[in-house]
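Below you'll find the structure, written out as structure tokens, and then a few comments.
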Amino acid sequence: MTGEIGQFALCFALALALVQAGSGLSGASSIARATAFGSLAFVVLAFGALTYGFVTSDFSILDVASNSNTAKPLLYKITGVWGNHEGSMLLWVLVLAVYSALIAALARGGAKLTGAALGVQGLLATAFLLFILFTSNPFLRLDPMPFEGSGMNPLLQDPGLAVHPPMLYIGYVGLSASFAYAAAALITREANWARAARPFMLIAWMALTCGIALGSWWAYYELGWGGFWFWDPVENASLM
């Protein structure tokens, strides 16, 4: 049932993201704030379901069978959740939902600006959830279920994977909040959007700084100065 719970949770999160987008952009800020919290709850449920599948080695889930095995330590079972494309996209949406909930909770800049910003965040969440459900679903089933999984890329079996990708995502996705406030200012013609967005900008920049530092440290002791990861677009995007 783990995969089905995660699948249904993503569908409910998508429905709430659509309501959040529509209500926020139409000026119903109270509805947008409520749906932001609801969407976060369902995304957390989906992420928890996938994590549970990795921890319990549920190889009936294709993503688990392709990126984990029973011999892996618990740390790498957990980090295996985002050590692949499908799981990393789910982590991306989770961070996006957290930022939406923070915007709703803090309500910086007033109800009008907050509602419009949540509407933009809802559109972003809708796009990513549609992408996950239709092209990158982490809850696809595998039948028959294998007795053992394929395991993770050896380069990723490192404590750095527990901190580096989430830190970068906090930075990358955090900039969506700044974008949402800027877009909301264009929609509502509110002038105080920069002050409202400032905490989110600072959090994102600090996270990107920590992320690129951790990535440099990880790449150095894992590969030395071979330069194999020097042109990694993820690392260079965080630096830029």
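The values are calculated or read from the model by the stated rules, or taken from the named source; none is laboratory data. Since the model is a prediction, treat every value here as computed from it, not as a measurement. So basically every Cβ, Gly included, is an ideal-geometry build from the backbone, and we count neighbours across all protein chains shown. With ligands, DNA and RNA removed, areas are computed over all heavy atoms of the protein, side chains included. Shrake-Rupley method; radii C 1.70, N 1.55, O 1.52, S 1.80 Å.
Could you work out the percent of alpha carbon pairs in the range 85-142 separated by over 13 Å, rounded to a whole number?
Within the range 85-142, distances greater than 13 Å cover 61 percent of Cα pairs.
Any idea what the alpha-carbon Rg over 2.2 N^0.38 Å comes to for the chain?
1.07
R0 = 35 Å: FRET efficiency of LEU202 with PHE8, Cβ-based, nearest 0.05? Present the calculation step by step, with values, prior to reporting the outcome.
On the way: r = 36 Å, r/R0 = 1.04.
Calculated transfer efficiency: 0.45.
Would you calculate a helix-derived [θ] at 222 nm for the chain, using -39,500 (n - 2.57) for each DSSP H run of n ≥ 4 and dividing by the full residue count, to the nearest 500?
Taking each H run of at least 4 residues, the total per residue is -25500 deg cm²/dmol.
Quick check for you: with a 1.4 Å probe and neighbouring chains kept, what is the accessible area per residue of the range 108-202, in Å²?
49 Å²
Under unit Cβ charges (Lys, Arg +1; Asp, Glu -1), what dipole magnitude, rounded to 20 debye, does the chain have relative to its Cα centre?
On the way: 9 positive and 11 negative charges, 206 e Å.
Using Cβ point charges on Lys, Arg, Asp and Glu, the chain gives about 980 debye.
What angle, in degrees between 0 and 90 and rounded to the nearest 10, separates the Cα long axis of helix 111-135 from the longest principal axis of the Cα atoms of the chain?
With rounding to tens, the tilt is 30 degrees.
If you average the C-alpha positions of the range 169-222 and of the range 105-141 separately, how far apart do those two centres end up, in angstrom?
Between the Cα centre of the range 169-222 and that of the range 105-141, the gap is 16 Å.
With the full set of protein chains in place, find how many percent of the accessible area of the chain is carbon and sulfur; take the probe as 1.4 Å.
Accessible surface attributable to carbon and sulfur in the chain totals 72 percent.
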